[in-house]
1. Please identify the pairs in which a residue from the stretch B:459-472 that is surrounded by fewer than 24 Cβ atoms within 10 Å (Cβ to Cβ) has its Cβ atom under 8 Å from the Cβ atom of a residue that is at pLDDT 95 or above and among the small types (Gly, Ala, Ser), counting only partners at least 6 apart or on another chain.
2. Please pick out the residue among B:Lys11, B:Lys16 that is surrounded by fewer than 19 Cβ atoms within 10 Å (Cβ to Cβ), within 14 Å of chain A (Cβ to nearest Cβ) and part of a loop (DSSP other than H, G, I, E, B).
3. Where residues in the stretch B:505-544 are assigned to a helix (DSSP H, G or I) and out of contact with any helix residue (DSSP H, G or I) (no Cβ under 7 Å at 6 or more places or on another chain), which of them is most open to solvent (accessible area, probe 1.4 Å)?
4. Yes or no: A:Cys42 outside the structural domain of A:Gly139 (by TED's automatic domain parsing) and within 16 Å of ligand 2 (Cβ to nearest atom)?
5. Restricting to the stretch A:18-31, and then to whatever is part of a strand (DSSP E or B) and more than 10 Å from ligand 1 (Cβ to nearest atom), can you tell me which residue is surrounded by the fewest Cβ atoms within 10 Å (Cβ to Cβ)?
6. Does B:Tyr684 qualify as being within 14 Å of chain A (Cβ to nearest Cβ), open to solvent by 10 Å² or more (accessible area, probe 1.4 Å) and touching a strand residue (DSSP E or B) at 6+ places or on another chain (Cβ under 8 Å)?
7. When both residues are 6+ apart or on different chains and their Cβ atoms are under 9 Å apart, which pairs have a first residue that lies in the stretch B:251-268 and is more than 14 Å from every other protein chain (Cβ to nearest Cβ) and open to solvent by 10 Å² or more (accessible area, probe 1.4 Å), and a second that is within 16 Å of ligand 1 (Cβ to nearest atom) and assigned to a loop (DSSP other than H, G, I, E, B)?
8. If you go through the stretch B:281-295, how many residues are open to solvent by 10 Å² or more (accessible area, probe 1.4 Å) and at the interface with another protein chain (Cβ under 10 Å from one of its Cβ atoms)?
Amino acid sequence: MKKAEIEFTVNGKKRTLFVKTNELLINVLRNDLNLTGTKYACGIGECGACTVLLEGRPVLSCLTLAVDVNGKNITTIEGISKDGFDPVQKSFLKNAAVQCGFCTPGMILMAKSLLKENPNPTEDEIRDYLRGNICRCTGYTQIIKAVKECANNHNQDK
Amino acid sequence: MENKQFIAISKRFDIKNVGKVTGKEIYASDVNIPGMMHAVVLRSPYPHAEIKSIDLTEAEKTGAICISRDDVPDLIYNERIVSIPDKTYKDRTVLPKDKVRHTGEAVAAVAADTEETAFKALEKIKVEYKKLPAVFDIDEAMKPDTSQLYSYVYLGDKKIDIENNIACVRNISVSDIDKGFEEADVIVEETFNVQRIYHMQLETKSTVCVPEADGGITIWTTTQGIHNVRILLGEIFNIPLHKINVKRITLGGSFGSSIQMNSITPICVALALKAKSPVKLVMPREDDIYDHASYPLRTKIKIGAKKDGTLTAGHCKVWVEIGAHNIQAYPYLGCIAGWFASLYKWINIKYEGKAVYTNKTPTCARRGYGSPQINFPVENAMDILAEKLGMDPIELRLKNYVGKGDEFWGQGPTIKSIIRSCGVEEMLVEGSKLIGWDKRIPPSEKTGDIRRGIGVARGFHTSGTGGPNPGEVIDYSGATVKINEDGSVDVVTALMDHGGGTWDVAAKVAAEVLKVPFDKVGIYNGVDTRTTVFDVNTHATRGVYCGCGAVKLAAEKVKKILLNYAATLFKDLPENLELVCNEELGQAVVYPKGLPEKYKTVGEIAKTAQIKSWGTIAYTSSLRQKNCPPCFITYFTEVEVNTKTGQIKIPRVIMMGDSGTIMNPELWKGQIIGAFSQGIGLGYIEEIPYDTNTGKLKCNGFITDFKVLTTTEMPKIDDIKVLPAHTYEPTGPFGAKGIGEAALSAVASSFGNAVYNAVGIRFYDLPITPEKMLKALKEKEEKKDKKE
Ligand code: FES
Ligand code: FES
């Protein structure tokens, strides 16, 4: 398989890598860059565990070719707060929105993206936005609550 | 819930495991070792076939390391070793030696530098099969002329014959069942089916194995019990235990799926030993679905009661279709008997259980270990009985439940104890007020396309498997507690945290005993079988009651050592000293009673002990709990049935839980709500049917066609109420019992009863899918038309 050179920014850092042209972004992140916060749980776009932000928009890294992110900006869960915790992370910890934690990176990135698009989402809007992310542990309620609380705080901040 | 006298317990804290929100938490599938190889597994395309030959030559030419039946030990074992050896059935080897018994069974495995090259090598393995007739159904399987999966297996060291695919049998009788039914005025007799489902834990099973220079191995794996993995690997590969080290590592969900050693773990070890290189094996989801499923259950239940609602008899005949391996069907049958016998006072009991092999994916424990499966028949039958008696379903339950002071054998007939704390009545009474039970009307009075109904169901689980006398299940835990030189505390235990916050509770317990602030207690990964003492497994809802019981014991011993050292410093007696938490200092302090201003911090004492070479303030405990108190649950579920589409929504639910002292209020709620979501999945949509022509799953291994609930199906935040019963378990650490598995036991039952209340149709087979609902509604209409 041919390899191609790609240059992209991950969590603010410029990276240059040689990747196979059929290589998936999830594998490059997890295996080449050791960014294992991005999780594999289905590989077919059904669970959302592998969500990352591409130019600030959520994508499923298990369905994204690494060569397609050439020249682009990627944010993974490791990159959302420089120091300490981001408000969404804090809210997840406070509201027990985390059990086993395997869906959490994807959920938090989706929540971040939602709050950027819509700083004050209703409960239904949150549910709708997160519906592609499977969580087998929490029953979602505390995740939704955590996001809702951020939404309100977010507004107060402004 | 907040209790003033505690400093940590029952208080709301942020989750300790912060790596889970930053992406830094390491799961088995995240372990990357320099130079490691990647493994993939060749799986059987047939449900039942003789393996005529396996040819690895071409595959090996690619440079890959390959293993098949000749490369793995001959030892026949059971991957689950919590039953005492005499009660452990064994029927498997690391890779099958003579035949495959289910589609997706591992046949060979390959390790190479990349996953891609490993897959390429895998394609070059040639396996010649001779197809055998396969069975997928218990009735078929038990016929004498049907194809047999096994001619013999081992029970302990004894070779036993298998006939008619019956893996094991368990019959239990209490008093006189015939007399019981003679005394009954009303009898209910029905058959129910609870389906097999896939656990769908989010992390697929994974193992990394590093062969060490001394011939030993280091393992990171998805497991609920590191010590059992170590002991089994020692037996299988004949490696002394001190040379095997299994790391405790965060688990991306299990729900019972990793209760036994994962089937891929010894495969990964065999590859690593042959390759003399670290090997990583992460199961693709499609493989994982073919690796394990939950036990299904068919129940023929017959119950009898007097006119006033007093129960007189309960008879259950159950069949469990276990798939291709007997992982733990024998204790499972025992527990089903226990869940049944300990729900209501049947007085006269007869129980007949059979476990039957089929050519399907092997089944294993799933949250509740059979309790949801038997709860559905029992709680439906109780509602049917109430209707026949003209009695309120809650009244019938209140009259007959097994409660405080009663004998209880939740974990099966060999583990009996007395119930000392019980919130059943409080939950039934308070819950019924909250849901508005008195306004509930019968289905016959409902009209329109959209019909609502309310259903109740209750259940329980044991907290651990301990009893006054040790039973058939090994049950003890251990922990090391250590005060560091700055007054902070380390808790070291093999206990796993499934996500329910067991580690946070362990830290709270240590904090509480030693009066150290919660944030000064560490309970971190990086411990392993070498640095921890034995803990049987984090199963049976035993994390808090048993595992944290051991932490409490260790912390109490540490407190003694601490006070002895402090006594030397104060030139006083330990019993004259007081240990309290000083929140301002963020430390525990000790002072002579009545002289708080003379305090010394625990940090100072520990530091002095170090400087003066007195030694470390530490203790390692090993604790067998002599009870397994029931944690009770009650659900009041409201459903909304769309009679045009067959779809069912859940507008509202009241969840009541009895865990004694609630250690971790937010995660406790999370456990219950999470279980509710799983239980509605079981009741409404989840199933993994087979195509019996091909022996493959209809979903073909893809979760595209195995649906679990998403964010949109749960009731809204304000329409979910989770409330605790106000109880205190005298035998538990700080009054606590468990919750995790109890929470699932009655969900689907309350759903089924609610559906009945909405549309007047009783469903006997789960799940109640929209298709089934529409069919049943149509049949009901047709019947009505005929009558008219
Ligand atoms: S792993 Fe990408 S969606 Fe599931
Ligand atoms: S917390 Fe375990 S899957 Fe969401």
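The values are calculated or read from the model by the stated rules, or taken from the named source; none is laboratory data. Computed from a prediction, not measured in an experiment: that's the story for all the values here. Neighbour counts are summed over all protein chains in view; Cβ atoms, including those assigned to glycine, are modelled from backbone coordinates with ideal geometry. Please note that ligands, DNA and RNA were not included when accessible areas were found on the heavy atoms of the full protein model with its side chains. Shrake-Rupley method; radii C 1.70, N 1.55, O 1.52, S 1.80 Å.
1. Pairs found: B:Glu472/B:Gly334.
2. On the way: B:Lys16 fails: surrounded by fewer than 19 Cβ atoms within 10 Å (Cβ to Cβ).
Only one candidate passes the filter, namely B:Lys11.
3. The selected residue is B:Asp519.
4. Against the criterion (outside the structural domain of A:Gly139 (by TED's automatic domain parsing) and within 16 Å of ligand 2 (Cβ to nearest atom)), A:Cys42 qualifies.
5. This residue is A:Phe18.
6. Yes.
7. Close Cβ pairs satisfying both conditions: B:Ser263/B:Lys205.
8. Going residue by residue through the stretch B:281-295, those that are open to solvent by 10 Å² or more (accessible area, probe 1.4 Å) are B:282, B:284, B:286-287, B:290-291.
From what's left, at the interface with another protein chain (Cβ under 10 Å from one of its Cβ atoms): B:282, B:284, B:286.
Qualifying residue count, the stretch B:281-295: 3.
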